[in-house]
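Report on the structure given below.
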Amino acid sequence: MKKQKNPAKQELIVELKKLAITEKVKFWKRIASELERPTRNMRVVNISKLDKVTKEGELIIVPGKVLSAGELSHKLDVAAFSFSETAKEKISKNGKVMALPELMKKNPKAKGIRIIG
C-alpha cells in the first residue's frame, strides 16, 4: 500500500478493513480497496447517473465523490467518501446524505447496500 497524503482517508481505510474482519463481511474490504486507489482514479458519480441506475428508497454507496450534475427524481440514501456541496443539497431534498463512517455504524453487516460508480 502506498503512503496516503490524506490522513482521514487512511484512517477510514483502516476502519473499513477492521470492520470487514470483525463482522466477516467482504463488502467493507472491497470499499477499502476502492479507496486505496490513487485520487485521480477514484470513482466520480453524478446525480444524473444515480437517478438512472437506482430505484426508490435504495441505499447506495459511492467509494469516491458524488457531484451535482443532474436531478434526483426519487428518494435515495447515499453514502460516499465525499460530496460536492450542491450534490448534498440535491440529495437531501428527497433522501439522506451519509458519510461512510455513519453507514458503517448503522449497517455493519452491509445488508441491502449497492455500490455505484
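Values in this text are rule-based calculations from the coordinates and carry no lab data. What you see is a predicted model, and the numbers here were worked out from it, not measured in a lab. Positions of Cβ are backbone-derived with ideal geometry, glycine not excepted, and every protein chain shown enters the neighbour counts.
The table for this structure:
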item	result
Packing-based order for 45-53, 108-116, using average beta carbon neighbours within 10 Å, highest first	45-53, 108-116
Extension gain (nm, one decimal) between K17 and K75, 0.36 nm per residue minus Cα-Cα	17.9 nm
Highest average packing first - 21-33, 61-73, Cβ atoms within 10 Å	61-73, 21-33
Efficiency of FRET between S33 and S92 - r from beta-carbon atoms, R0 25 angstrom, step 0.05	0.30
Cα-based helix-to-principal-axis angle, 26-35 vs the chain, degrees rounded to 10	80
Cα-based helix-to-principal-axis angle, 7-23 vs the chain, degrees rounded to 10	80
Cα-projected label distance for V25 with I115, points at 7 Å along beta-carbon direction, nm	1.4
DSSP beta bridges in the chain [antiparallel fraction, %, rounded to 5]	0
Alpha-carbon centroids, region 10-53 and region 72-95: separation in whole Å	17
